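Everything on this sheet refers to the single structure shown next.
Coordinate-derived values only; no laboratory data. These figures come from a predicted structure and were not determined experimentally. Virtual Cβ from ideal backbone geometry, glycine too; neighbours counted across all protein chains shown.
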Amino acid sequence: MRVFVTGATGFIGSAVVRELRGAGHQVLGLARSDKAAASLTAAGAEVHRGALDDLDSLRGGAAVSDGVIHTAFVHDFSDYAGAARTDLRAIEALGEALAGSGRPFVVTSGTAGCRPGLVATEEDESDREAPAAVRIPSEAAALSLAARDVRVCVVRLPPSVHGEGDHGFVPALIDIARTKGVSGYPGDGSNRWPTVHRLDAARLFRLALEAAPAGARLHGVGEEGVPVREIADVIARNLGLPVTAVPREKAVDHFGWLGAFLSMDVPASSALTQKQLGWNPVEAALIPDLEEGHYFND
């Protein structure tokens, strides 16, 4: 299968490209720079020049492919709503190119779009009161394509997709600890983050492309919920810093843009996904991955 991958040189997308290539698929990767194009060529993928906000380039890539995996997202948390709008327009453009074809379309979403405080399952609808509700329109737009003869599915990823090369929430938390001189956690630190290793996530994207039914919601979750206090403890040990509680009302003052995300209690299950697709997470869990030390290399 020839697969068009957006975000193909990103932390998750690059692992998806390798997973697809290893399974015998051809990959057409979206590249907006010469550096990205060179990286794709080195990975054995074809290059499709364009960008997430270049809708014609997205339509063109989808039109010449047997399926699409959409992992790209503008990680600008100073304008999260704007990033979500860009994502929605991209999904709509890709969907237009795939409509009526029956081809697979795998779209990335998040488990944090479900109701907080409960263990979210694949059967749960997105909740407009959830911490990541701003991405709900993208998920809804994607799933609506099932009625237009697109074998679309959504892979919801947890707040922490970890592994070597991670540049997401956990590295940001480590940088804050270094800057502040303490490893903090909000409240009593009992709120939970689900996690998944990026190699496990990449395998799920491939399985979803190959076999997920139209309209499926899948959870790429390896651990249902790691208390953020445990994450803070590991950071403190590895940096030789004290660990401290930060009152929830001061979380944004202490952690900046990360404060709202770090305060979320959003456990999630992947039991239905594992049963449906035969996906079993086998890579290291978050805490053992942190203990390996690569997160703390300067």
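Here are some notes:
- Counting only Cα atoms, the size of the stretch 1-130 along its three principal axes is 43, 32, 28 Å, in decreasing order.
- P(r) tail fraction, the chain - alpha-carbon pairs more than 27 Å apart, %: 39
- Amide hydrogen neighbours beyond the local backbone of S109, cut-off 5 Å, H modeled: V155, R156, L157
- Simple label model, 7 Å out from Cα along Cβ direction - V252 to A38, nm: 4.2
- Computed extension gain for A81 through E125, at 0.36 nm per residue and net of the alpha carbon distance, reaches 13.8 nm.
- Take every Cα pair under 8 Å whose residues are at least 6 apart in sequence, average their separation, divide by the length of the stretch 143-298, and the relative contact order is 33 percent.
- Using a Gaussian network model of the chain in which every pair of alpha carbons under 10 angstrom is joined by a spring, one finds that among D188, D76, D149 the greatest mean-square fluctuation is at D76.
- For G50, the residues whose amide H sits under 5 Å from its own are A31, R32, ignoring neighbours fewer than 5 places away on the same chain, with H placed 1.01 Å from N.
- Taken one residue at a time, the phi angles of the stretch 23-36 give Karplus couplings (6.51, -1.76, 1.60, θ = phi - 60°) of 8, x, 7, 8, 10, 10, x, 6, 9, 9, 9, 4, 4, 5 Hz. Gly and Pro are set to x.
- Karplus-derived 3J(HN,Hα), 6.51/-1.76/1.60, for each residue of the stretch 153-164, Hz, glycine and proline x: 9, 10, 9, 8, 9, x, x, 10, 9, 10, x, 5
- Gyration tensor over alpha-carbon atoms, the stretch 143-298, equivalent ellipsoid semi-axes in Å: 32, 17, 12
- Per-residue 3J(HN,Hα) values for the stretch 272-281, derived from phi via the Karplus relation 6.51 cos²θ - 1.76 cosθ + 1.60 with θ = phi - 60°, read 5, 5, 4, 5, 5, 10, x, 8, 10, x Hz in sequence order (x marks Gly and Pro).
- Size of electric dipole in the stretch 56-159: Cβ of Lys, Arg +1 and of Asp, Glu -1, about Cα centre, debye, nearest 20: 160
- Report note on the peptides 216-224, 157-165: ranked by the mean count of other C-beta atoms within 10 Å, highest first, their order is 216-224, 157-165.
- Mean separation of Cα pairs under 8 Å and 6 or more residues apart, divided by the residue count, gives the stretch 24-106 a relative contact order of 27 percent.
- Computed over neighbours whose Cβ is under 14 Å from that of L241, the net charge equals +1, Lys and Arg +1, Asp and Glu -1.
- Sum of -39500 (n - 2.57) over DSSP H runs of 4+, divided by residues of the chain (222 nm, nearest 500): -11500 deg cm²/dmol
- G7 sits among other residues whose Cβ lies under 11 Å from its own Cβ, and their net charge, with Lys and Arg +1 and Asp and Glu -1, is 0.
- Average Cα contact separation per residue, the chain, under 8 Å, 6 or more apart, as relative contact order %: 18
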